[in-house]
Structure formats: C-alpha cells, structure tokens
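The values are calculated or read from the model by the stated rules, or taken from the named source; none is laboratory data. Because the structure is predicted, anything quoted here is derived from the model rather than measured. FYI the Cβ positions are ideal-geometry reconstructions off the backbone, even for glycines, and counts take in every protein chain you see. Quick note on the areas: whole protein, heavy atoms, side chains included, nothing else; ligands and nucleic acids left out. Shrake-Rupley method; radii C 1.70, N 1.55, O 1.52, S 1.80 Å.
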Amino acid sequence: MRTLPNLDLIRSFAVMLVVIEHTILAYHVLWIRNWEVQWIGIIGVLIFFVHTSLVLMWSLERKPHTLDFYIRRVFRIYPLALLAIGVTLLFHAPVGGTAEHFFAYAHPDFHGIITNILLIQNFRGPMIYGVMWTLPLEVQMYVLLPMLFFFIRQNFS
C-alpha cells in the first residue's frame, strides 16, 4: 500500500485535537462558551478511530491472514498497556481521574485489576490508568471489524 499524505494529515489533526483538549483541561478550563472542552478530545479520538478502521480494512485486504493480524495487534497493544498498569499499581501513581480531578489513584479491587489487564475496563471500571480509556474500544474494534470485513467480503462481493 502506498502512503497517502492525506491520511497523515487526518491522523495529525486527530492527535492535535486530543493534545489541545488535554492542555486546556490542565488549566482547569472545562467549558469554552457553550462547548464542554472534553468534546474536543473526543472528536479527535473518533476521527482517529475512523482513520484506524480505514487503515485496518486496507491491511486486511492486502494481507487477509487473521491469525497474523491478531498476533501483530496483541504485541502492539498489550506489552506497553501491561507495563503502564503494572507501574501504576506498584507505585499507586495518580494517573486516573476526571476533568475536574485530573490526578487520582483508582484504588482498584481484584476484579478491576483483571478487567484492566484484559482491556475490558469499559464494561466495568475503574480505569486504573485514565488515558487508556480508548484501548478497550480499540481492542474490541480489532475483534469485530475483521469479522465484519470477512462477512461482507464473502457475502456481498
């Protein structure tokens, strides 16, 4: 697949929206006129998910071996996520929280730790490491989109 500069531009725009949102929230600004500041970052994440879905479909079209695809995704996501969760738990790092209370330690129970390790914490919190809220959605996207891709390709080509 050739590189497309427009995709890099879209990715950069999405990342910049998230950086801008985090910077504004760091100054404890929660609203700009009638807009809740968190929506700036959420829109950036949604753009990034659409971008990732497009690239994912192209990847599956180019190399449709699902086992290889899942192995690459697992080793791309889980090692750093597990390291971040482990360091957070070990040092009780205040990396969770909300827009109002930026830094807080989550105090997870055993079930909370397991759901974070499996990256399914969106089904049952707490988020041990707050900025990882998108990872469970990404993992679920990686599970569902290939199935949808192959179903559509097989039945509607």
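For the chain, the longest principal axis of the Cα atoms and the long axis of helix 5-26 meet at an angle of about 10 degrees. Using θ = phi - 60° in the Karplus curve 6.51 cos²θ - 1.76 cosθ + 1.60, the 3J(HN,Hα) couplings for region 71-87 round to 4, 4, 5, 4, 6, 7, 9, 5, x, 5, 4, 5, 4, 4, 5, x, 5 Hz; x is entered for Gly and Pro.
With the other protein chains left in place, how much accessible area per residue, in square angstrom, belongs to the chain at a 1.4 angstrom probe?
Result: 67 Å² per residue.
In the chain, helices alone account for a calculated mean residue ellipticity at 222 nm of -22500 deg cm²/dmol, with every DSSP H run of four or more residues adding -39,500 (n - 2.57). I'd like the orientation of helix 38-62 relative to the chain: the angle between its Cα long axis and the longest Cα principal axis, in ° from 0 to 90, rounded to 10. Value to nearest ten degrees: 20. About the centre of its Cα atoms, the chain shows a dipole size close to 520 debye [charges on the beta carbon of Lys, Arg (+1) and Asp, Glu (-1) only; nearest 20 debye].
Positive contributions from Lys and Arg (+1) and negative ones from Asp and Glu (-1), summed over other residues with Cβ under 12 Å from the Cβ of Phe69, come out at +3.
Ligands, DNA and RNA left out, the 1.4 Å accessible surface of the chain is 71% carbon and sulfur atoms.
Projecting the Cα positions of Leu145, Leu89, Val37 onto the charge dipole of the chain (unit charges on Cβ atoms of Lys, Arg, Asp and Glu, taken about the Cα centre) puts Leu145 furthest along the positive direction.
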